[in-house]
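No lab work stands behind these numbers, since they all come straight from the coordinates. It should be emphasised that the depicted structure is a prediction, and the values quoted were computed from it without experimental measurement. Here the Cβ positions follow ideal geometry from the backbone for every residue, glycine too, while neighbour counts run over all protein chains shown.
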Amino acid sequence: MRVRPAPVPTPPGPGTRLLHELAHCRAGDKGDTSILSLFAYRADDFPLLVERVTAEAVAAHLEHIVHGEVRRHVLPKLCALQFTCEHALGSGVTTSLALDTHGKALSFALLAMPIEPLETR
């Protein structure tokens with residue numbers, strides 16, 4: 001498993017919030033793939049999550065952990081987003097030497113993502 005240092009966080013801009021203030025997350029796994037399910041606490045915040053928490057944004061935020069493709073599925077009736085992150089678990093639960101072989105901590109890493117506010121006019 002390639003391990004790269006975590007990126008240095010940039011100072012938040014005005015109105016920036018951390019994702020854990022808007023949503024909660026659960027993590028699951030299958031082989032070397034992690035599945036992150038993100039649920040908005042409030043339905044009013046779901047459009048912000050759809051706009052800001054894209055597959056590309058998640059891939060960039062977790063680039064030091066996830067080494068494969070990130071795909072996003074939008075589940076509007078649940079106010080949820082689901083991310084499938086390939087090559088995220090150091091070859092899988094039964095073969096990885098990582099401490100967190102199931103990748104449960106990935107949900108916490110995702111929730112540390114800064115979220116810029118939507119533009120208001």
Legend entry - Rounded to whole Hz, the Karplus (6.51, -1.76, 1.60) HN-Hα couplings of the stretch 40-50, x for glycine and proline: 5, 5, 10, 4, 5, 8, 4, x, 5, 5, 4
Legend entry - Relative packing of peptides 47-56, 81-90 - highest average C-beta neighbours within 10 Å first: 81-90, 47-56
Inset, instruction - May I ask you to evaluate 6.51 cos²θ - 1.76 cosθ + 1.60, the Karplus curve with θ = phi - 60°, for each residue of the stretch 72-88 and list the ³J(HN,Hα) values in order in whole Hz, giving x for glycine and proline? - result: 10, 10, 9, 10, x, 5, 9, 6, 9, 10, 10, 10, 9, 10, 7, 6, 10
